[in-house]
Amino acid sequence: MSSNPNTPDAIAVPLRFVIGQGYGDGCLCCPVCGGEYVHIGPVNVAQGQTNAVIENEQITVKPCERGKHFRGSLVQVVFWCECGHEFTYSFQFHKGITSCSLESRSNDRFDSLWRD
């Protein structure tokens, strides 16, 4: 399981990508309930001494100390489904190896990237 058990509202979910049919194309489904109505939330990229977050219609760039504690970059994409689950896929790479993890939790407040 890859959810953080120390988070009070964590949901234990095995690391997996659930792909549905959507409108004929493959679509990412919620790994908790399998629902197809999934929205992209904030995207976080931490690299060296810089952290960038894309959320709604904003890009925020701030200094960070990731380079002092970790090697390689971290990309996190938050998703939420319309059944009330939030999940984050994290991709981290170092020396040609990309690792992936999944954290999920219940949530009643959601932010999305801009869409029309």
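The values are calculated or read from the model by the stated rules, or taken from the named source; none is laboratory data. Given the structure is predicted, the values throughout are model-derived calculations rather than measurements. Counting neighbours? That spans all protein chains shown, and the Cβs are built from the backbone with ideal geometry, glycine included.
Among the residues of the stretch 34-63, those identified as closer than 19 Å to Glu103 by Cβ and assigned to a loop (DSSP other than H, G, I, E, B) are Gly34, Gly35. If you scan the stretch 64-77, which residues turn out to be in contact with a strand residue (DSSP E or B) (Cβ under 7 Å, 6 or more places away or on another chain) and either modelled with pLDDT of 90 or more or surrounded by 13 or more Cβ atoms within 10 Å (Cβ to Cβ) (or both)? Answer for the stretch 64-77, where residues must be in contact with a strand residue (DSSP E or B) (Cβ under 7 Å, 6 or more places away or on another chain) and either modelled with pLDDT of 90 or more or surrounded by 13 or more Cβ atoms within 10 Å (Cβ to Cβ) (or both): Cys64, Arg66, Gly72, Ser73, Leu74, Val75, Gln76, Val77. The C-beta contact set for the stretch 6-30 (first residue modelled with pLDDT of 75 or more, second residue among the acidic types (Asp, Glu), distance under 7 angstrom, 6+ apart or interchain) comprises Gly20/Glu36; Cys27/Glu36; Cys29/Glu36.
Going through (1) at pLDDT below 85; (2) of a type in the set (Gly, Ala, Ser); (3) buried (at least 19 other Cβ atoms within 10 Å of the Cβ) one by one, Ser104 falls short only on (1). Residues in the stretch 56-81 that are among the charged types (D, E, K, R) and without any contact (Cβ under 8 Å) to a residue 40 or more places away in the chain: Lys62, Glu65, Arg66, Lys68, Arg71.
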